[in-house]
Amino acid sequence: MAAMLLARQLPQHSRLIVPGCKYISQAATKTDVDFDFDGPSMKTAVPGPRSKELTKQLSEIQNADAVHFFCNYEESRGNYLVDVDGNRMLDLYSQISSIPLGYNHPALLKLLQQPQNLSAFINRPALGILPPENFAAKLEESLLAVVPKGMKQVITMACGSCSNENAFKSIFMWYRNKERGHSKASKEELATCMINQPPGSPDYSMLSFMGAFHGRTIGCLATTHSKAIHKLDIPSFDWPIAPFPRLKYPLADFVKENQEEEAHCLEEVEDLIVKYRKKKKTVAGIVVEPIQSEGGDNHASDDFFKKLRVIARKHGCAFLVDEVQTGCGATGKFWAHEYWGLTDPADAVTFSKKMLTGGFFHKEELRPDAPYRIFNTWHGDPSKTLMLSEVLNVIKREDLLSNVMHSGKVLHDGLLDLQVRYPHIVSRVRGRGTFCAFDTPTDAIRNKLIANARNKGVVLGGSGEKSVRFRPTLVFREHHAHLFLNIFDGVLADFK
Ligand code: PSZ
């Protein structure tokens, strides 16, 4: 009966019972509906013939060399991504860490079938000027329900880059306002900003870390330092770049070395702030990821971030935490920076990906002092906040943060075990929640491992030079972790 109810919530063309789809987990509690398959099912190598054909077609229109394979999203369920060749894969990458509840979650299907919600999808407003009646109420119900400590304000944006870009701009405006004593901008400032010259376009900078990824728009790109290919040929700013700790694993064996490494990086941060102030390129803000994600899953201790916050405060720089990839539960806390236990909260926190909408939370002081200063056409999207409310309901109702801690531990422990058994391939196993990773000896080995795993029905991602990263959904359960570990054990055993 319950299976029928669920099947009815599916789009017309996917109502057929898909072989292998178990609909409701045997282990599920009353509310915990696990809309999922039993396991991977592979019919061809990936990409298969249909994917190759479609890649060729797309290549006529645009460069499609980055395409892994084409997907059948209608048939994908829960943790399983189905491709156009009928291969069904356990997805531990979830659209570069962007699917909170898995594919076609029943709660979201139901939400979209309610007539009163359709308008949010059909009539996309220019939110900054013509918001719908329920706009503030919906923000309260969605984003403000998970507002990080110390913040009350939120601004929505379309994507992660857009969020960081506008958070940087808010920080620069805040800094300049402080400097000019909150008086009005001068005529000279208004004139010089039009020709990109100071004082109207001040020579401020954002301090970032080597290995960081904050987006690809031109301002963000100046703080992104993960791969040269992201940056090549694009003009950029002379902004300070500090080293990010490179920790040795296992952490328990390298306590002293790691502490020294972090202390060294923090020293560099302070030196750079002083040096850039002398150069008249004042550091208005520091931007940092709780775990450097694209840059290779680089972690630092909670103590490192606490001390970084103190440095920002000491030098009057805003402290911006980029939670675009770490946010929304994957580390086991809703925001990864909650682990730090800051007594002096961050000034702003950016989000996107699993949050469905982009945007940033910020302190009162960073609030734009005039209309149209932080602005664009869409300014977010009410249909995304609507879905986010439902995602948050499910996270709470099903206690998915506990699930992440639990399945994350199984995954992490299993990876440590594989590291013992395949030390020539797997090293530096690390992670928080399900946000796990390990290193391989080379880029080529990493890529081959990912390809081999995919042909056995597991989608993984790479990060940095030679890391494999795990970014499953929040409905990734213990049994999925075991399933993955069994398959991957075979991949490692066969690896040549
Ligand atoms: O290659 C790319 O452009 C990728 S692959 C993964 C990302 C980008 N991540 C996006 C990202 C992020 O991980 C962090 C920590 N900050 C900002 C961004 C930018 O978000 P988008 O891609 O939405 O602009």
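The values are calculated or read from the model by the stated rules, or taken from the named source; none is laboratory data. Owing to the predicted nature of the structure, the values given are computational and were not obtained by experimental measurement. Counting neighbours? That spans all protein chains shown, and the Cβs are built from the backbone with ideal geometry, glycine included. Just so you know, the surface numbers come from the protein's heavy atoms only, side chains and all, with ligands and any DNA or RNA stripped out. Shrake-Rupley method; radii C 1.70, N 1.55, O 1.52, S 1.80 Å.
Which part of region 167-204 falls in the paramagnetic zone of Lys275, meaning amide N under 20 Å from the point 7 Å along Cα-to-beta-carbon?
So the set is 203-204.
Kirkwood hydrodynamic radius of region 396-439 from all distinct Cα pairs, in Å? Each step should come with its number before you reach the end.
Details: mean 1/r = 0.0918 Å⁻¹.
Hydrodynamic radius (Kirkwood, Cα pairs) of region 396-439 is 10.9 Å.
If you wrap a convex hull around the Cα atoms of region 364-496, how much volume per residue is inside, in Å³?
Working: hull volume 23.3 nm³, N = 133.
Each residue corresponds to 175 Å³ of Cα convex hull volume.
For region 154-297, place one equal point scatterer on every Cα, skip the solvent, and apply the Debye formula. What is log10 of I(q)/I(0) at q = 0.18 Å⁻¹?
Taken in order of the listed q values, log10 I(q)/I(0) reads -1.14.
Could you state how much accessible area Met173 has, in square angstrom rounded to the nearest 10, with a 1.4 Å probe and all protein chains kept in place?
In the full protein context, Met173 sits at about 30 Å².
Restricting to Cα pairs below 8 Å that are 6+ residues apart, what does the relative contact order work out to for region 50-177? Please round to a whole percent. Mind dumping the intermediate values first?
Values: 74 pairs, mean separation 15.4, N = 128.
After rounding, I find 12 percent.
Enter the accessible area of Asp38 (Å², nearest 10), with the probe set to 1.4 Å and all protein chains included.
100 Å²
Just want to confirm a number: the relative contact order over the chain, from Cα pairs under 8 angstrom separated by 6+ residues, in percent.
Working: 929 pairs, mean separation 96.4, N = 496.
Taking the mean separation of contacting Cα pairs over the length of the chain, I get 19 percent.
Set the Förster distance to 45 Å, then compute FRET efficiency between Leu54 and Ala185 from the Cβ-Cβ distance, nearest 0.05.
Working: r = 52 Å, r/R0 = 1.16.
E between Leu54 and Ala185, to the nearest 0.05, is 0.30.
Over the chain, what percent of the accessible surface lies on carbon and sulfur atoms, probe 1.4 Å? Present the calculation step by step, with values, prior to reporting the outcome.
Values: 12860 of 22700 Å².
Its accessible area is 57 percent carbon and sulfur atoms.
If you count only protein heavy atoms with a 1.4 Å probe, what accessible area per residue comes out for the chain, rounded to a whole Å²?
Values: 22700 Å² over 496 residues.
It amounts to 46 Å² per residue over the chain.
In terms of solvent-accessible area of protein heavy atoms at a 1.4 angstrom probe, what is the ranking of Leu356, Leu460, Leu232, highest value first? Present the calculation step by step, with values, prior to reporting the outcome.
Values: Leu356 45, Leu460 10, Leu232 110 Å².
Solvent-accessible surface, decreasing: Leu232, Leu356, Leu460.
Can you give the extra length, in nm with one decimal, that the chain gains between Gln113 and His264 once fully stretched, where that is 0.36 nm per residue apart less the Cα-Cα distance?
Working: separation 151, 0.36 × 151 = 54.36 nm, distance 5.50 nm.
Taking Gln113 through His264 to full extension adds about 48.9 nm, to one decimal.
How big is D for region 34-103, in µm² s⁻¹ as a whole number, if Stokes-Einstein is applied with the Kirkwood radius of its Cα pairs at 25 °C and 0.890 mPa s?
Numbers: Rh = 12.7 Å.
The diffusion coefficient I find is 193 µm²/s.
Looking only at Cα atoms, what is the convex hull volume of the chain per residue, in Å³? List each step's numbers first, then the result.
Details: hull volume 81.0 nm³, N = 496.
Dividing the Cα hull volume of the chain by its residues yields 163 Å³.
Can you figure out the FRET efficiency of Ser236 with Thr343, using R₀ = 41 Å and their beta-carbon distance, to the nearest 0.05? Don't skip to the end; give the middle numbers.
Details: r = 35 Å, r/R0 = 0.85.
Efficiency at R0 = 41 Å is approximately 0.70.
Among Val146, Val283, what's the order by accessible area (1.4 angstrom probe), most exposed first? Working shown, then result.
Numbers: Val146 25, Val283 0 Å².
My answer, sorted largest first, is Val146, Val283.
Could you report the accessible area of Arg421 in Å², rounded to 10, computed with a 1.4 Å probe on the protein chains as they sit in the structure?
Solvent-accessible area, nearest 10 Å²: 110 Å².
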